Amino acid sequence: MSDAHPMWLRPGPIPGLAGGAVLITGDDPLLDTVRAEARAAGMHLVGPDQPAALVRISIDRASGGAPGTETGFVLTGDGERTVVVAGGASGALCGWFEIVRRAATGRLHEPGTTRHEPAQAVRILDHWDNIDVHPVMGQVERGYAGGSIFFDAGRVRDDLSRVAAYARLLASIGIDRVAINNVNVHAREARLLTDDLADVARIAAEFRPWGIRLHLSVSFASPIVLGGLETSDPLEPAVRAWWREAADRVWAAIPDFGGFVVKADSEGQPGPFADGRDHADGANLLAEAVAPHGGLVHWRAFVYNHTQDWRDRTTDRARAAFDHFTPLDGRFADNVIVQVKHGPMDFQVREPVSPVLAAMPHTRVALELQVTQEYTGQQRHAVYLAPMWREVLDFAPFGAAGPTIADLAAAGGGIAAVSNVGDDGFWTGHPLAQANLYAFGRLAWDATLDPAAILDEWIALTFGSGASGSDGEIAAVVHELLDDSWSTYESYTAPLGVGFMVTPGTHYGPSVDGYEYSPWGTYHFADRDGIGVDRTVATGTGYAGQYPEPWASTYESLDTVPDELLLFFHHVPYSHRLHSGSTVIQHIYDTRFAGVERVDAMVDMWQRLDGRIDGDLFARVRDRLTEQQRSAREWRDHVNTYFLRKSGIADERGRAIHP
Ligand code: GCV
């Protein structure tokens, strides 16, 4: 195992379990993993002649007590012992980790029977890791935690101990698939599909004992760049044959391989448009190749014009995915999953939920989240994202009586997220960003979990809790620091859903006009009178009309649009009064000042733990909070000054802005 921080799986005997007997019945490599975990927790394995074991784990696929899926399990506690009956070996592994969670949170052997199964059948983490160090993006695109855990020095690492540790962590939160390379597939990385297969198989072997399948991002132009063909036209027989052979070779090397992830005709990546074909043609080409092996194709819907003329007010990037994909509904093969970012733009701190997620009833659609904090502080700011994700998952596109986004994903393609780990000793750069990875797995398993409760669970596992005899003060501080941190971050960065205003390229720190005259479709249209993007049907780009009712009307009208999304949907004067009672301009000033005060409080909170937790961890978090404090001030002053200068409207409270 690696010597990196253990994240939420602290090593050594687990209080309450250590010293006890465990009976694990059945024969499966995953059950051997469970046995090893139980031993590492300090338990001793016993045979069936000892039915009084503290923990009993078995598989029963058929009987009434057994859950419906391989990965599900029924857990029964009687106050003194726990019994897990799983639907399959992966369920037994998940059941074991539920016991570990219960031990950490003081609920071991809690009386009663509960049924557990993953809400989302597909729970995949995407890595944006490159093999080579990219001249602009570094090794991990939008990675804020060092280099790749998979690749080093131009190839797959020899030492994959970090991957083994990672696989264990992911299994403990129910992740079942990992795509190991960037969706922007550069020339070197394209060859993972061919020349590097033996090495990719070594990575897959690290994931296998944890029930996790490996996926690869592939270039749509592979038949050209790897196969020497003249075209990658999806309707061309030679292209189809090339992909079939490529898939056969992958599965020959990795029998439990999961499938391909594809970013096509997006931000310069090749795709079917080159040959006049559409995204369904492209996705189905790959689907046909992987189908004989039971493979999946994750085809991303992140398609828009990134060479837009900023003078052109009729083109709206927010509309693009819907306009490209919804006409194709019903044409995608059964093993294609259309992977849709949670918002229509790009992982901003606040966006409405993408209307595409509700507009393709005949397609398997997956929700894509971003655990890596590209636009949410880059793991230098403490930002707990689970409350945002929970809002997305709970969104009911057809109104309260209809399905939620979590339901729609569960009925289709499941859930995906961009991972936030790297070879950093704390895995995530900011140690508190570990909570986001943990929370993603937990919400993918059960979208009804309360983000605050997930946070407490993570804290208990990571730092210990009052219940397991350690420091309640640590738990209280970490909880207070993170619980509301998404809203804190929102309050000092881009206001009222307008988005971006970040430094171009790096996407870190304020630059209000940084993207205003760029080709990326990311504008706020601030002038001396007002700000925001008119996306109404009546007078704007019509984006609001991509929603079903009641949301189309809700977003269309200034009377009903939620304050936090006002500037996403409307261009309004600075004097426009929000539902909160404040004007837009005063809201901007007030929230930016309040946001900085909240960050100051976070710094003070953490200081209370000086000397009470591991020194390296304390120092790393302290240093990051210091940077967050500096950056929050920078945000406050840029944004406030910019709008004071534009609007000429003074702060009602007369605070120092820089005119
Ligand atoms: C992997 C944004 C990011 C890119 C990322 C892209 C995507 O544009 O800035 O780095 O590319 O999203 O999701 O494909």
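The values are calculated or read from the model by the stated rules, or taken from the named source; none is laboratory data. Note that this is a predicted model, so its numbers are computed, not measured. Heads up, the Cβs are rebuilt from the backbone with ideal geometry, glycines too, and the neighbour counts pull from every protein chain shown. Only protein heavy atoms, including side chains, enter the accessible area calculation; ligands, DNA and RNA are left aside. Shrake-Rupley method; radii C 1.70, N 1.55, O 1.52, S 1.80 Å.
Are there any pairs, at least 6 apart or on different chains, whose C-beta atoms fall under 9 Å, with the first in the range 304-315 and within 18 Å of Phe525 (Cβ to Cβ) and open to solvent by 100 Å² or more (accessible area, probe 1.4 Å) and the second at pLDDT 95 or above and within 16 Å of the ligand (Cβ to nearest atom), and if so, which?
That search, which allows pairs on different chains as well, returns Arg313/Tyr523.
Does Arg633 count as closer than 24 Å to Tyr375 by Cβ and over 27 Å from the mean Cα position of the chain (by Cα)?
Criteria met by Arg633.
Go through the residues of the range 522-540 one by one and say whether even a single one is within 16 Å of the ligand (Cβ to nearest atom) and surrounded by fewer than 22 Cβ atoms within 10 Å (Cβ to Cβ).
Checked against the condition, which is being within 16 Å of the ligand (Cβ to nearest atom) and surrounded by fewer than 22 Cβ atoms within 10 Å (Cβ to Cβ), the range 522-540 yields at least one hit.
Looking only at the range 435-445, decide whether some residue is over 19 Å from the mean Cα position of the chain (by Cα), modelled with pLDDT of 95 or more and open to solvent by less than 20 Å² (accessible area, probe 1.4 Å). Step through it out loud before you land on a result.
Our first condition is that a residue be over 19 Å from the mean Cα position of the chain (by Cα); within the range 435-445, this holds for none.
No, the range 435-445 contains no residue that is over 19 Å from the mean Cα position of the chain (by Cα), modelled with pLDDT of 95 or more and open to solvent by less than 20 Å² (accessible area, probe 1.4 Å).
If you scan the range 352-372, which residues turn out to be more than 12 Å from the ligand (Cβ to nearest atom), in contact (Cβ under 8 Å) with a residue 60 or more places away in the chain and closer than 30 Å to Asp424 by Cα?
Ala366, Val371
Looking at the range 225-247 only, could you name the residues that are free of Cβ contacts under 8 Å to residues at least 24 places away in the same chain, surrounded by fewer than 20 Cβ atoms within 10 Å (Cβ to Cβ) and assigned to a helix (DSSP H, G or I)?
Answer for the range 225-247, where residues must be free of Cβ contacts under 8 Å to residues at least 24 places away in the same chain, surrounded by fewer than 20 Cβ atoms within 10 Å (Cβ to Cβ) and assigned to a helix (DSSP H, G or I): Pro237, Ala238, Ala241, Glu245.
Can you find, within the range 15-55, the residue that is nearest to Ala433 (Cα to Cα) among those that are among the β-branched types (Val, Ile, Thr) and surrounded by fewer than 21 Cβ atoms within 10 Å (Cβ to Cβ)?
Checking each candidate, the answer is Thr25.
Are there any pairs with C-beta distances below 8 angstrom linking a residue in the range 257-274 that is in the same structural domain as Leu296 (by TED's automatic domain parsing) and part of a strand (DSSP E or B) to a residue that is open to solvent by 10 Å² or more (accessible area, probe 1.4 Å) and aliphatic (A, V, I, L, M), with the two at least 6 apart or on different chains, and if so which?
Gly259/Leu296; Phe260/Leu296
Asn284 is checked against (1) assigned to a loop (DSSP other than H, G, I, E, B); (2) of a type in the set (S, T, N, Q); (3) away from the ligand (no atom under 16 Å from the Cβ) and fails just one. What number does that condition carry?
Just one mismatch for Asn284, condition (1).
Residue check, Val498 against (1) over 28 Å from Tyr589 (Cα atoms); (2) within 23 Å of the chain's Cα centre (by Cα); (3) of a type in the set (Val, Ile, Thr), all met but one. Which one?
(1)
Looking at (1) open to solvent by 10 Å² or more (accessible area, probe 1.4 Å); (2) outside the structural domain of Leu393 (by TED's automatic domain parsing); (3) within 30 Å of Thr372 (Cα to Cα), can you tell me which one Gly95 breaks?
(1)
Ser511: surrounded by fewer than 22 Cβ atoms within 10 Å (Cβ to Cβ), at pLDDT below 95, over 20 Å from Val353 (Cβ atoms) and out of contact with any His (no Cβ under 6 Å at 6 or more places or on another chain), yes or no?
Values: surrounded by fewer than 22 Cβ atoms within 10 Å (Cβ to Cβ): yes; at pLDDT below 95: no; over 20 Å from Val353 (Cβ atoms): yes; out of contact with any His (no Cβ under 6 Å at 6 or more places or on another chain): yes.
So Ser511 fails the test.
Here's the yes/no breakdown for (1) in contact (Cβ under 8 Å) with a residue 12 or more places away in the chain; (2) within 16 Å of the ligand (Cβ to nearest atom); (3) assigned by TED's automatic domain parsing to the domain that holds Ile180; (4) not β-branched (Val, Ile, Thr):
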site	(1), (2), (3), (4)
Ala409	yes, no, yes, yes
Gly412	yes, no, yes, yes
Ala417	yes, yes, yes, yes
Gly425	yes, no, yes, yes
Gly429	yes, no, yes, yes
Gln434	yes, no, yes, yes
Leu437	yes, no, yes, yes
Ala444	yes, no, yes, yes
Asp456	yes, no, no, yes
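Only one of Ser148, Ser219 is under 22 Å from Val336 (Cβ atoms) and within 15 Å of the ligand (Cβ to nearest atom); which?
Matching residue, one of Ser148, Ser219: Ser219.
Answer yes or no as to whether Asp334 is surrounded by fewer than 23 Cβ atoms within 10 Å (Cβ to Cβ) and within 16 Å of the ligand (Cβ to nearest atom).
no
Could you tell me which of the residues Phe302, Phe325 is outside the structural domain of Ala544 (by TED's automatic domain parsing) and part of a helix (DSSP H, G or I)?
Phe325
Identify, by number, the condition in (1) more than 16 Å from the ligand (Cβ to nearest atom); (2) closer than 25 Å to Ala247 by Cβ that Ala190 doesn't meet.
All conditions are met except number (1).
Tell me, yes or no, whether the range 497-508 has at least one residue that is farther than 30 Å from Leu578 by Cα, crowded, with 22+ Cβ neighbours inside 10 Å and within 16 Å of the ligand (Cβ to nearest atom).
Taking every residue of the range 497-508 in turn, none turns out to be farther than 30 Å from Leu578 by Cα, crowded, with 22+ Cβ neighbours inside 10 Å and within 16 Å of the ligand (Cβ to nearest atom).
Does Leu9 meet the test of being within 31 Å of the chain's Cα centre (by Cα), of a type in the set (A, V, I, L, M, F, W, C) and assigned to a loop (DSSP other than H, G, I, E, B)? Spell out how you get there, then give the answer.
Details: within 31 Å of the chain's Cα centre (by Cα): yes; of a type in the set (A, V, I, L, M, F, W, C): yes; assigned to a loop (DSSP other than H, G, I, E, B): yes.
Spelling it out, Leu9 is indeed within 31 Å of the chain's Cα centre (by Cα), of a type in the set (A, V, I, L, M, F, W, C) and assigned to a loop (DSSP other than H, G, I, E, B).
Residues to consider are Arg592, Arg612, Arg598; find the one that is open to solvent by 30 Å² or more (accessible area, probe 1.4 Å) and within 29 Å of the chain's Cα centre (by Cα).
Arg598
Can you name the residue in the range 264-281 that is open to solvent by less than 10 Å² (accessible area, probe 1.4 Å) and within 20 Å of Ala187 (Cα to Cα) and is also farthest from the ligand (Cβ to nearest atom) among such residues?
The qualifying residue farthest from the ligand (Cβ to nearest atom) is Pro272.
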